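**Student:** Submitted below is the structure of interest, expressed as structure tokens.
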Amino acid sequence: MEQALPSAYADLVAVREKLEQHYADMQDIEFTVQQNKLYMLQTRNGKRTAAAALRIAVEMAEEGLIERSEAIRRVNPASLDQLLHPTLDPNAPRTLLSKGLPASPGAASGVAVFNSDEAEMRAAKGESVILVRIETSPEDIHGMHAAKGIVTTRGGMTSHAAVVARGMGRPCVAGAGGLSVDYGSQTLSAGGKTVRAGETITLDGATGEVFVGTVAMIEPKLSGDFGTLMQWADEIRRMKVRTNAETPLDAETARKFGAEGIGLCRTEHMFFNPERIGAVRQMIMANDERGRRVALAKLLPFQREDFRELFRIMAGLPVTIRLLDPPLHEFLPHQDSELQEVADALGTDIDAMRRRAAELAEANPMLGHRGCRLGVTYPEIYEMQARAIFEGAIAATKDSGKAPVPEIMIPLVGIKRELEITRALVDKVAAEVFAETGVTIEYTVGTMIELPRAALTADKIAEAADFFSFGTNDLTQTVFGLSRDDAGKFLPAYVEAGILAKDPFVSIDIEGVGALVRIAAEKGRAARPGLKLGICGEHGGDPASIAFCEEVGLDYVSCSPYRVPVARLAAAQAALGVGVDRTA
Ligand code: PEP
Ligand code: MG
């Protein structure tokens, strides 16, 4: 155009410049040229990918077109997710299985799983899972959430899988028609190669390729425009951002992403490790306290090393460790072959295993014998964990010369006395370990607020707590009376029908759950001024919920490692007063 229509071109450049200055944003311009004369038809703010949005915002601020705070406002925190996924190392060897549509960017490796319930179950145990479906439907949401990546053999770029995966920031290959999925035999095959359930595959959502096995990846670049915007965000935000992590890898990833500590270490994940699960099951099978203590003594060195490693990685940043939370039967195997294996290892028989499993079975385990109720009835479990924390912290101090400050967190407290009893256990063990080692370290003991009764009696509970962390997953479950594990079956229909504007397990229900958070924060701080308040439910990584946390005055949010940058930006936007979305 510059050569063919030089005068119209010069006009266009001038008008574009003017429009961009006027709207202080990148413009999507429509124009026509007739008899060498330029006519403008329309202009609007241009649509952009996450990477482009980031670059435009940073460059405009650097050119002085907009303020830095405006640059922060302009980037959608949720979109950062797209930039944070690893990509395949171009030099890594690979075996192509098939190719589909590049439906959602990012690369992921994990074991192939063919249904959403299993994806969720395996992910809960810490496995990386790739959900493979012919196509997905709203019933698969929980599996898609749990999976690191999604592959479908049917459907296009606007299929359910593609749209939902992009929204979630999950890598996805859709419509890979060359792949055949057989749910019956739980296999995935193409071109003479077959992958069975539980075998590893890798997908590249940017190219649509699916590979057999693992392919080496390279981590995303966190420098450049991304680093600049994050730095500006950090200068503005008030709330700290921590991470939910229990593995060294997650803790390290989160630190790279800027986490300022661990807000939730779910210790039960450490128990599923194959080296320990035997001792965990021995503890569960024991008939009395003495038997449980024998098994717990085997777990102690593992837990101590787990914590020592986390303290080392977090290098003096706060580390909140939650004592055991889930009902014990979650650790028992379900299939006969596994039961037999455990019975052999424990020198017992399969009938005894079945009897114990039947004893432990509960009609409603989420409201059953879990959380601090375990610590109250089997104090030896919490004693072992407390000992592992203190011994790990003292060892870490010797390693680095820097003493960590463990924050020990008691789950599912609803009654002040529960916290007093479990706290006394922790204090007793601390005194023992300090006397044995001659070393004293600082620590705090606090509680999760995840039951309505805890929120409503927060002033009482605060008398025994150094901090509160809102467990908004359980709090949402108990406030709505809505099972976390079953809601996926009908909640999408509620959202579709407009009964709820959004899934309350994803974005906090400000009207109901939020009201209890507010009550607990106010009562807690009235009883104990300066009480530290955080959130560690999934909402801690959701921008709309983070805006609410700012409004209530929480000290920090804690979220999964890959959401740490999302939370840093969202916390900055919240500090700038980007409003809370109150659509119910
Ligand atoms: C919660 O309930 O919000 C929480 C963080 O604990 P979990 O998800 O482990 O129950
Ligand atoms: Mg909970």
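**Student:** Across the stretch 518-545, what is the total count of residues that are open to solvent by less than 60 Å² (accessible area, probe 1.4 Å), more than 16 Å from ligand 1 (Cβ to nearest atom) and without any contact (Cβ under 8 Å) to a residue 60 or more places away in the chain?
**Tutor:** The number of residues fulfilling the criteria is 1.
**Student:** So, in the stretch 410-440, of the ones that are open to solvent by 10 Å² or more (accessible area, probe 1.4 Å) and outside any helix (DSSP H, G or I), which residue ends up nearest to ligand 1 (Cβ to nearest atom)?
**Tutor:** Across the stretch 410-440, the extreme among qualifying residues is Ile415.
**Student:** Okay, next question. Step by step: first the residues of the stretch 549-576, then only those that are open to solvent by 20 Å² or more (accessible area, probe 1.4 Å) and within 15 Å of ligand 1 (Cβ to nearest atom), then the one that is modelled with the lowest pLDDT. Which residue is that?
**Tutor:** Ranking the qualifying residues of the stretch 549-576, first place goes to Ser560.
**Student:** Within the stretch 186-198, track down each residue that is touching a strand residue (DSSP E or B) at 6+ places or on another chain (Cβ under 8 Å), in a loop (DSSP other than H, G, I, E, B) and open to solvent by 50 Å² or more (accessible area, probe 1.4 Å).
**Tutor:** Result: Gln186, Gly191.
**Student:** Another question, if that's okay. Can you tell me which residue among Met314, Met270 is buried (at least 18 other Cβ atoms within 10 Å of the Cβ) and free of Cβ contacts under 8 Å to residues at least 40 places away in the same chain?
**Tutor:** Numbers: Met314 fails: free of Cβ contacts under 8 Å to residues at least 40 places away in the same chain.
The match here is Met270.
**Student:** Only one residue in Ala92, Ala71 is in a loop (DSSP other than H, G, I, E, B) and either in contact with a Gly (Cβ under 8 Å, 6 or more places away or on another chain) or modelled with pLDDT of 90 or more (or both), so which one is that?
**Tutor:** Details: Ala71 fails: in a loop (DSSP other than H, G, I, E, B).
One residue alone meets the criteria, Ala92.
**Student:** Just checking, does the stretch 344-356 include any residue being closer than 30 Å to Met448 by Cα and either buried (at least 16 other Cβ atoms within 10 Å of the Cβ) or more than 16 Å from ligand 1 (Cβ to nearest atom) (or both)?
**Tutor:** For the stretch 344-356, residues closer than 30 Å to Met448 by Cα and either buried (at least 16 other Cβ atoms within 10 Å of the Cβ) or more than 16 Å from ligand 1 (Cβ to nearest atom) (or both): present.
**Student:** Of the conditions (1) in contact with a helix residue (DSSP H, G or I) (Cβ under 6 Å, 6 or more places away or on another chain); (2) open to solvent by 50 Å² or more (accessible area, probe 1.4 Å), Ile510 satisfies every one except a single condition; which number is it?
**Tutor:** Status for Ile510: all satisfied but (2).
**Student:** Something else now. Quick one: in the stretch 452-473, which of the residues that are open to solvent by less than 10 Å² (accessible area, probe 1.4 Å) and of a type outside the set (A, V, I, L, M, F, W, C) is farthest from ligand 1 (Cβ to nearest atom)?
**Tutor:** Out of the qualifying residues, it is Ser469.
**Student:** Residue by residue through the stretch 16-52, note down the ones that are touching a Phe, Trp or Tyr at 6+ places or on another chain (Cβ under 8 Å) and either under 23 Å from Ser79 (Cβ atoms) or surrounded by 12 or more Cβ atoms within 10 Å (Cβ to Cβ) (or both).
**Tutor:** Within the stretch 16-52, Phe31, Val33, Leu38, Met40, Thr43, Asn45 meet the criteria.
**Student:** Within the stretch 474-486, can you find the residues that are open to solvent by 40 Å² or more (accessible area, probe 1.4 Å), under 12 Å from Asp509 (Cβ atoms) and within 12 Å of ligand 1 (Cβ to nearest atom)?
**Tutor:** Val479
**Student:** Could you figure out which of (1) open to solvent by less than 50 Å² (accessible area, probe 1.4 Å); (2) touching a strand residue (DSSP E or B) at 6+ places or on another chain (Cβ under 8 Å); (3) in a helix (DSSP H, G or I) isn't true of Ile201?
**Tutor:** For Ile201, the failing item is (3).
**Student:** Among the residues of the stretch 383-398, are any within 15 Å of ligand 2 (Cβ to nearest atom), buried (at least 21 other Cβ atoms within 10 Å of the Cβ), of a type in the set (Val, Ile, Thr) and at pLDDT 90 or above?
**Tutor:** No, that holds for no residue.
**Student:** Additional query: What are the residues in the stretch 225-257 that are outside any helix (DSSP H, G or I), away from ligand 1 (no atom under 14 Å from the Cβ), closer than 22 Å to Pro406 by Cβ and open to solvent by 20 Å² or more (accessible area, probe 1.4 Å), if any?
**Tutor:** Lys240, Thr247
**Student:** Here's something else I'd like to know. Can you tell me which of Ile508, Ile499, Ile519, Ile546 is at pLDDT 95 or above, away from ligand 2 (no atom under 16 Å from the Cβ) and either aromatic (Phe, Trp, Tyr) or in a loop (DSSP other than H, G, I, E, B) (or both)?
**Tutor:** Ile499
**Student:** Applying the selection to the stretch 87-144, what residues are hydroxyl-bearing (Ser, Thr, Tyr), open to solvent by less than 60 Å² (accessible area, probe 1.4 Å) and touching a strand residue (DSSP E or B) at 6+ places or on another chain (Cβ under 7 Å)?
**Tutor:** Hits for the stretch 87-144 are Ser98, Ser104, Ser109, Ser116, Ser128, Thr136.
The values are calculated or read from the model by the stated rules, or taken from the named source; none is laboratory data. Because the structure is predicted, anything quoted here is derived from the model rather than measured. Counting neighbours? That spans all protein chains shown, and the Cβs are built from the backbone with ideal geometry, glycine included. Surface accessibility is based on the protein's heavy atoms, side chains included, excluding ligands, DNA and RNA. Shrake-Rupley method; radii C 1.70, N 1.55, O 1.52, S 1.80 Å.
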